[in-house]
Structures are given as structure tokens and as C-alpha cells.
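K.L.:
Sharing a structure here in C-alpha cells format.
The values are calculated or read from the model by the stated rules, or taken from the named source; none is laboratory data. On a predicted model such as this, the values are computed, not experimentally measured, just so you know. Heads up, the Cβs are rebuilt from the backbone with ideal geometry, glycines too, and the neighbour counts pull from every protein chain shown.
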Amino acid sequence: MSEFYNLKAETLQGKDFPFETLKGKTVIIVNTASKCGFTPQYDGLEKLYEKYKNLGLVILGFPCNQFLKQEPGDSKSIDGCLMNYGVSFQMFDKIDVNGSNAHPVFKYLKKKLPGIFGNFIKWNFTKFVIDKNGKPLKRFAPITKPEEMESFIKSIL
């Protein structure tokens with residue numbers, strides 16, 4: 001069994017979310033921020049999710065305040081931003097993606113899919129794709145729009 005399924009995280013609503021519930025699903029994990037130039041990617045992610053969720057696509061969003069303090073709010077204000085973008089995919093409590101306090105999910109993903117500059121996340125909206133067997137397959141840069149990921153996602157669903 002993949003290590004991925006041993007991971008868990010806390011949702012924005014404060015509930016435990018075990019990744020073992022994702023078995024058989026194609027997953028996109030993204031670190032997000034509500035005051036970033038890439039924040040409009042919420043819209044593209046939501047469209048991908050709506051289009052492919054019935055085929056097993058799951059998107060998990062992790063708010064992070066490590067890049068120019070672009071996610072300053074608490075759970076309530078983050079939730080408000082998500083409503084503005086119509087986000088219906090699963091969002092999690094605010095976390096760190098880099099440094100000694102990095103969330104275990106991102107420690108794992110960075111180890112399995114390091115970026116071109118090494119084992120850290122460069123910016124908000126870095127996207128990781130995990131296949132139906134829990135294997136991290138591909139890392140997409142913040143500048144890659146969700147719609148540019150669509151053909152890859154379709155090919156592995």
C-alpha cells in the first residue's frame with residue numbers, strides 16, 4: 001500500500017481527514033492563498049473538479065501563509081474567499097509547506113516529486129497529481145493554469 005494513504009490532515013472545518021479514503025481516486029493537492037496573483041486559479045481548479053469528479057477526481061486545497069503573507073486570515077475568512085470563487089472541493093486548515101513545521105503531506109510530496117530548485121515549494125498554487133494507487137506522478141508549477149493540466153488529468157483518470 002502507498003505511504004500516501006497513511007497521511008491525514010485537518011479540514012477547514014476542524015475534522016480529521018484520513019487519506020486512506022482516497023484509494024482509487026486521482027488526486028490533485030495544491031497549496032493555496034486568497035491574496036495571491038494566482039488566486040483566480042481557484043476558478044480553474046473548481047471547473048476541473050466539477051468536470052471530472054464523477055470520474056474519480058478529488059482536489060485537496062491547503063491554504064498557506066508562507067509566501068508574502070498572502071493567506072493572513074483565519075479559517076472563517078479563508079472560507080469566505082472560497083465562497084467567492086464557488087469552491088466546492090475539499091479545503092484544509094492553514095499549514096506550512098516549507099521549513100521545519102511543514103505539514104507531513106507536503107514533506108512527503110516534496111520528497112517524492114522535488115522541484116527544479118530542490119526540495120521546497122517555490123510559491124502558492126504548486127500542484128501535485130497523485131494517481132489512483134496513491135503514487136505521486138507529476139508536479140505542476142504555480143504558473144501552470146489548471147486548464148493546462150486537463151489533458152494530463154484526463155489521461156490518468
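K.L.:
Quick check on the range 27-42: of everything there that is among the hydroxyl-bearing types (Ser, Thr, Tyr) and assigned to a loop (DSSP other than H, G, I, E, B), which residue is surrounded by the most Cβ atoms within 10 Å (Cβ to Cβ)?
P.N.:
Going residue by residue through the range 27-42, those that are among the hydroxyl-bearing types (Ser, Thr, Tyr) are 32, 34, 39, 42.
Now restrict to residues that are assigned to a loop (DSSP other than H, G, I, E, B): 34, 39.
On the way: Ser34: 21, Thr39: 18.
Once the filter is applied, the top-ranked residue is Ser34.
For every residue, the table says whether it meets (1) surrounded by 16 or more Cβ atoms within 10 Å (Cβ to Cβ); (2) farther than 18 Å from Phe19 by Cβ.
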position	(1), (2)
Pro72	no, yes
Val87	yes, yes
Ala102	yes, no
Phe117	no, yes
Ile121	yes, yes
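K.L.:
Which members of the range 89-102 meet the condition of being more than 15 Å from Val27 (Cβ to Cβ) and out of contact with any Pro (no Cβ under 8 Å at 6 or more places or on another chain)?
P.N.:
First pass over the range 89-102, keeping only residues more than 15 Å from Val27 (Cβ to Cβ): 93-102.
If the condition is that a residue be more than 15 Å from Val27 (Cβ to Cβ) and out of contact with any Pro (no Cβ under 8 Å at 6 or more places or on another chain), then Asp96, Val97, Asn98, Gly99, Ser100, Asn101, Ala102 are the ones that fit.
K.L.:
Check whether at least one residue in the range 103-110 is assigned to a strand (DSSP E or B), at pLDDT 95 or above and under 15 Å from the mean Cα position of the chain (by Cα), and report yes or no. Don't jump to the end; show me each part of the working.
P.N.:
Our first condition is that a residue be assigned to a strand (DSSP E or B); within the range 103-110, this holds for none.
No, the conditions are met nowhere in the range 103-110.
K.L.:
Checking Gly24 against (1) touching a helix residue (DSSP H, G or I) at 6+ places or on another chain (Cβ under 7 Å); (2) closer than 17 Å to Val129 by Cα, which test does it fail?
P.N.:
Only one criterion is unmet by Gly24, namely (1).
K.L.:
Sticking with this structure for a sec: What about Asn98, is it surrounded by 17 or more Cβ atoms within 10 Å (Cβ to Cβ) and farther than 23 Å from Gln13 by Cβ? Give the derivation first.
P.N.:
On the way: surrounded by 17 or more Cβ atoms within 10 Å (Cβ to Cβ): yes; farther than 23 Å from Gln13 by Cβ: yes.
So Asn98 passes the test.
K.L.:
Restricting the range 44-56 to residues that are under 15 Å from the mean Cα position of the chain (by Cα) and touching a residue at least 60 places away in the same chain (Cβ under 8 Å), which is nearest to Tyr108 (Cα to Cα)?
P.N.:
That would be Leu45.
K.L.:
Here's a follow-up. Leu137: farther than 14 Å from Ser34 by Cβ and either assigned to a helix (DSSP H, G or I) or of a type in the set (A, V, I, L, M, F, W, C) (or both), yes or no?
P.N.:
On the way: farther than 14 Å from Ser34 by Cβ: yes; either assigned to a helix (DSSP H, G or I) or of a type in the set (A, V, I, L, M, F, W, C) (or both): yes.
Yes.
K.L.:
For the range 1-53, give me the residue count where each residue is of a type in the set (S, T, N, Q) and in contact with a Gly (Cβ under 6 Å, 6 or more places away or on another chain).
P.N.:
The first filter runs over the range 1-53 and keeps only residues of a type in the set (S, T, N, Q), leaving 2, 6, 11, 13, 21, 26, 31-32, 34, 39, 41.
With in contact with a Gly (Cβ under 6 Å, 6 or more places away or on another chain) added as a condition, the list becomes 2, 26, 32.
Qualifying residue count, the range 1-53: 3.
K.L.:
Taking the range 1-26 as the search range and keeping residues that are among the small types (Gly, Ala, Ser) and closer than 19 Å to Gly73 by Cβ, which one is surrounded by the fewest Cβ atoms within 10 Å (Cβ to Cβ)? Can you show your working first?
P.N.:
Going through the range 1-26, the residues among the small types (Gly, Ala, Ser) turn out to be 2, 9, 14, 24.
Subset that is closer than 19 Å to Gly73 by Cβ: 9, 14.
Values: Ala9: 20, Gly14: 8.
Across the range 1-26, the extreme among qualifying residues is Gly14.
K.L.:
For the range 4-26, what are the residues that are among the hydrophobic types (A, V, I, L, M, F, W, C) and not in a loop (DSSP other than H, G, I, E, B)? Step through it out loud before you land on a result.
P.N.:
Filtering the range 4-26 down to residues among the hydrophobic types (A, V, I, L, M, F, W, C) leaves 4, 7, 9, 12, 17, 19, 22.
Phe4, Ala9, Phe17, Phe19, Leu22, listed by residue number.
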